[in-house]
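Below: the structure, in structure tokens.
Readers should treat all values here as calculations from the given coordinates under stated rules, not as data from a laboratory. All values reported here derive from a predicted model rather than from experimental measurement. A quick note on method: Cβ atoms are made from the backbone with ideal geometry, for glycine too, and the neighbour counts reach across all protein chains shown.
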């Protein structure tokens, strides 16, 4: 079956997907309020008793070193987005999953859920931020979601995806986009009027540049980093 028309269309159509945190069936355990952490359920936070960790600065100190920059960048990017005319109290909110190193060096997974509840001069005036322990679920680290006006235009790379976007050529990204759509090398070759050998060479080059082991890891990296494929 000739699928050239599909290959041609999908090679030009960027995907618009990101990983979002799984929904919670339980209420959050902690609230961040005016730089303080408030216990809501008497549950321990990162293995610490409620009285042992109360300041938001302590939270950043225990975020996993590999996740800390991501959380800070996400916070800044979302604040910039909301303060750029994309605010609606109650509807503007963010979620992000990250790891923390808690008491006795145990690793935990947490969801931070921020809800904008106050706006002044079209900028954030106040917000509610909740922390929920998802260690039992072991969700995908770096999963995020942003809701509210203009959300469809918001982009965030879990890691510095720009580095990979720059080193991939236009043709490589075109082929990567088709691989992400589920097309095989022979179909891509037929649709782009290339040889299968050329398509496979481009794929191997991307695997080498991204420093991954195979095509599956290449696609996983692309989704994780929200590359514009």
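Structure notes:
- Arranged from fewest to most other beta-carbon atoms within 10 Å of their beta carbon, 69, 187 become 69, 187.
- The Rg/Rh ratio of region 30-153, with both radii computed over alpha carbons and Rh defined as the Kirkwood radius, is 0.97.
- Sorting 128, 109 by the number of Cβ atoms found within 10 Å of their own Cβ, with the fewest placed first, yields 128, 109.
- Once the C-beta distance of residue 49 and residue 84 is scaled by a Förster radius of 35 Å, the resulting FRET efficiency is 0.30 to the nearest 0.05.
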